[in-house]
Amino acid sequence: MLNAIIHSKAGRIEVDKDIDKTSLSWRQLYQQREDLLTSAFFSRFTYLSGLLQHRLLKKWLGGGDFTEFKGIDYWPRYELPNHKSRNFVEPDLLLRFADCDLLVEVKPPEGGDQYHEQWRLEIEGYYDQESQTKPLY
């Protein structure tokens, strides 16, 4: 499916059919919806060998032992009971390894605002609610 989308062979999706009969290409849809892009890209991560996962992440992030992959949590939800303006935070991914974890926040290709406060709350939520915390990247 991803190859069909990349090569513009997946057709179009009707949007608001009853109003103005506009349509979007699948590529446009994926570019506008970071969650679709996130799941499409990272679902393939599990197909890589442990050694290749480790080498890629080590090259991109530096330290850390990424050799023993445990799993991916998509959109883990961390409650923020003491925060005034938000009840929860939801990073896009938590990649779990035996010796460390990796929190991922994806922004769409067209750009999206990233806030230091969002990162801080996601990290805080992880350390407050994960039962077994490890070094976090």
Extended-chain gain in nm, criterion 0.36 nm per residue less alpha-carbon gap, L51 and L136: 28.6 nm
Spin-label pair W119/S85, simplified geometry with 7 Å Cα→Cβ offset, distance in nm: 1.8
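We did not get these values from a lab; they are worked out from the coordinates using the rules stated. In this text, all values refer to a predicted model and were calculated from it rather than measured experimentally. No Cβ is skipped: glycine too gets one built from the backbone with ideal geometry, and neighbour counts run over all protein chains shown.
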